[in-house]
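So the structure is just underneath, and the comments pick up after that.
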Amino acid sequence: MVLNQGYFIPPGSTTPFQLFGKSDSFQRVADRTGIPTLAELPLVPGVSTSGDQGVPYALWNKQDDGIAGEQWVKSMGNVANRVWQALG
């Protein structure tokens, strides 16, 4: 499972804010169902903007969402790797 928009990091900051509450409930569901948590993604405005342009955010050359954008790309890369390994 992937928790999308799990937190927000304002531009120029490194402090995450959990806009929709802590991820405890999400993790409890994952644990109860035995489904691994692959990532908790930050809310990144560029994901929507790039999608509206028809370009995946990871390939978008205007990634100017600061540390949150970097964390999003890194997390999704890890998700892709784990899925690929699982498909073996």
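List of remarks:
- Residue 73, sole failed condition from (1) surrounded by 11 or more Cβ atoms within 10 Å (Cβ to Cβ); (2) in a loop (DSSP other than H, G, I, E, B): (2)
- Within region 1-18, tally of residues that are farther than 20 Å from residue 78 by Cβ, hydroxyl-bearing (Ser, Thr, Tyr) and surrounded by 10 or more Cβ atoms within 10 Å (Cβ to Cβ): 1
- Taking region 1-39 as the range and being aromatic (Phe, Trp, Tyr) and either touching a His at 6+ places or on another chain (Cβ under 7 Å) or part of a loop (DSSP other than H, G, I, E, B) (or both) as the test, only 20 passes.
- Enumeration of residues in region 19-44 that are surrounded by 14 or more Cβ atoms within 10 Å (Cβ to Cβ) and of a type outside the set (Phe, Trp, Tyr): 23, 27, 30, 37, 38, 39, 40, 41, 42, 43, 44
- Some residue of region 47-66 being farther than 20 Å from residue 79 by Cα and either in contact (Cβ under 8 Å) with a residue 60 or more places away in the chain or β-branched (Val, Ile, Thr) (or both): yes
- Filter result for residue 42 (out of contact with any His (no Cβ under 8 Å at 6 or more places or on another chain), under 16 Å from residue 5 (Cα atoms) and not aliphatic (A, V, I, L, M)): yes
- Beta carbons closer than 6 Å, at least 6 apart along the sequence or on distinct chains, pair a first residue in region 23-46 that is touching a residue at least 40 places away in the same chain (Cβ under 8 Å) with a second that is not aromatic (Phe, Trp, Tyr) for 38/2; 38/79; 38/82; 39/2; 39/75; 39/79.
- Taken together, the residues in region 45-70 that are polar (S, T, N, Q) and surrounded by fewer than 14 Cβ atoms within 10 Å (Cβ to Cβ) amount to 3.
- Residue within region 59-66 that is at pLDDT 95 or above and either assigned to a helix (DSSP H, G or I) or over 25 Å from residue 20 (Cα atoms) (or both) present: no
- Taken together, 20, 26 contain a single residue that is among the hydrophobic types (A, V, I, L, M, F, W, C), within 25 Å of residue 86 (Cβ to Cβ) and out of contact with any helix residue (DSSP H, G or I) (no Cβ under 8 Å at 6 or more places or on another chain), which is 26.
- Among the residues of region 51-88, those that are under 20 Å from residue 14 (Cβ atoms) and of a type in the set (S, T, N, Q) comprise 63, 71, 75, 78.
The values are calculated or read from the model by the stated rules, or taken from the named source; none is laboratory data. It should be emphasised that the depicted structure is a prediction, and the values quoted were computed from it without experimental measurement. Using ideal geometry, Cβ is built from the backbone for each residue, glycine included, and neighbour counts are taken over all protein chains shown.
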